[in-house]
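Peer 1: A single structure is presented below for examination.
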Amino acid sequence: MGTILLVSGPNLNLLGDREPEIYGTTSLADLVEIARATAAAHGHDVEHVQANGEGALIDAIHGARGRCDAIVINPGAFTHYAYAIADALAAFSGPIIELHLSNTHRRDAWRHRSVVSPVATGVIMGFGANGYRLAIEAVAGCLTEGRS
């Protein structure tokens, strides 16, 4: 059994209320539960951290080194400019899945570029709440196959 760190970036604590036409009506707590149930079905645990500050997210990623087997991260708006988060992820040796509820390429032009994608094993976006299940299944497959 391994541990998957689920990282939720800024404003994701407002899910369910914030722009439901884009992000849906599912709360962050519900998304974490989806991730935990999916991970448990694959024999893994999920540890979740949400923060609105970049430093707290970096600290969580650093804390996962040597302790967690994989990271699933929805970096929110930090996706597009937080090179320090990308650097922290690059120092992690396990699989990393970048996750977004919406398809960022169908939105504002500034959302089309990710500084996280180059260090991620894969990216899942645009599937709403179902993306959390897909991300955990993807990372569980990477762990089974020994991929990072």
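Peer 1: Give the distance, in whole Å, between the Cα centre of segment 67-128 and the Cα centre of segment 1-52.
Peer 2: 14
Peer 1: Okay, next question. Select from N13, A39, V139 the residue farthest towards the positive end of the dipole of the chain; place +1 on Cβ of Lys and Arg, -1 on Cβ of Asp and Glu, and compute about the Cα centre.
Peer 2: Checked the options; the winner is V139.
Peer 1: May I pose another question? Quick check on segment 64-119: take the gyration tensor over C-alpha atoms, sort the square-rooted eigenvalues as a ≥ b ≥ c, and tell me if it's rounded (a/c under 1.5), prolate or oblate. It would help to have the intermediate numbers written out before the result.
Peer 2: Numbers: a/c = 3.00, a/b = 1.94, b/c = 1.55.
Prolate, because a/c is 1.5 or more and a/b exceeds b/c.
Peer 1: While we're looking at this one, here's another question. With a ≥ b ≥ c taken as the square roots of the eigenvalues of the C-alpha gyration tensor of segment 1-100, please select rounded if a/c is under 1.5 and otherwise prolate if a/b is larger than b/c or oblate if it is not? Present the calculation step by step, with values, prior to reporting the outcome.
Peer 2: On the way: a/c = 2.19, a/b = 1.14, b/c = 1.92.
Because a/c hits 1.5 or more and a/b fails to exceed b/c, segment 1-100 counts as oblate.
Peer 1: Let me ask you something else. Counting Lys and Arg as +1 and Asp and Glu as -1, what is the net charge of the other residues whose Cβ lies under 10 Å from the Cβ of V139? Kindly include the intermediate steps, with their values, before the conclusion.
Peer 2: On the way: positive: R147; negative: D69, E137.
Summing Lys and Arg as +1 and Asp and Glu as -1 gives -1.
Peer 1: Let me ask something else. Considering amide H positions built from the backbone, and no H for Pro or chain starts, which residues 5 or more places from D45, or on another chain, come under 5 Å of its amide H?
Peer 2: Residues meeting the amide H criterion: G2, T3, I4.
Peer 1: Here is a follow-up. Provide the net charge surrounding D45, with neighbours chosen by a C-beta distance below 10 Å and charges set as Lys +1, Arg +1, Asp -1, Glu -1.
Peer 2: On the way: positive: R36; negative: E47, D69.
It works out to a net charge of -1.
Peer 1: Can you give the local net charge around D87? Use residues other than it whose beta-carbon is closer than 14 angstrom to its beta-carbon, Lys and Arg +1, Asp and Glu -1.
Peer 2: On the way: positive: R65; negative: E54, D59.
So the environment of D87 carries a net charge of -1.
Peer 1: Name the long-range amide H neighbours of M125: under 5 Å, sequence gap of 5 or more, or other chain; modelled H, no Pro or chain starts.
Peer 2: Here H100 satisfy the definition.
Peer 1: Can you order the peptides 15-28, 87-100 by their average number of other Cβ atoms within 10 Å per residue, highest first? Don't jump to the answer; show the numbers that get you there.
Peer 2: Numbers: 15-28: 14.1, 87-100: 20.4.
Listed from highest to lowest mean packing, they are 87-100, 15-28.
Peer 1: I've got another one for you. Got a sec to turn the phi values of segment 93-101 into Karplus ³J(HN,Hα) couplings, 6.51 cos²θ - 1.76 cosθ + 1.60 with θ = phi - 60°, whole Hz, x for Gly and Pro?
Peer 2: 8, x, x, 10, 10, 8, 10, 9, 5
Every number here is computed from the coordinates shown, using simple stated rules; none is lab data. All values derive from a computational prediction rather than experimental measurement. We place every Cβ from the backbone using ideal geometry, glycine too, and count neighbours over all the protein chains shown.
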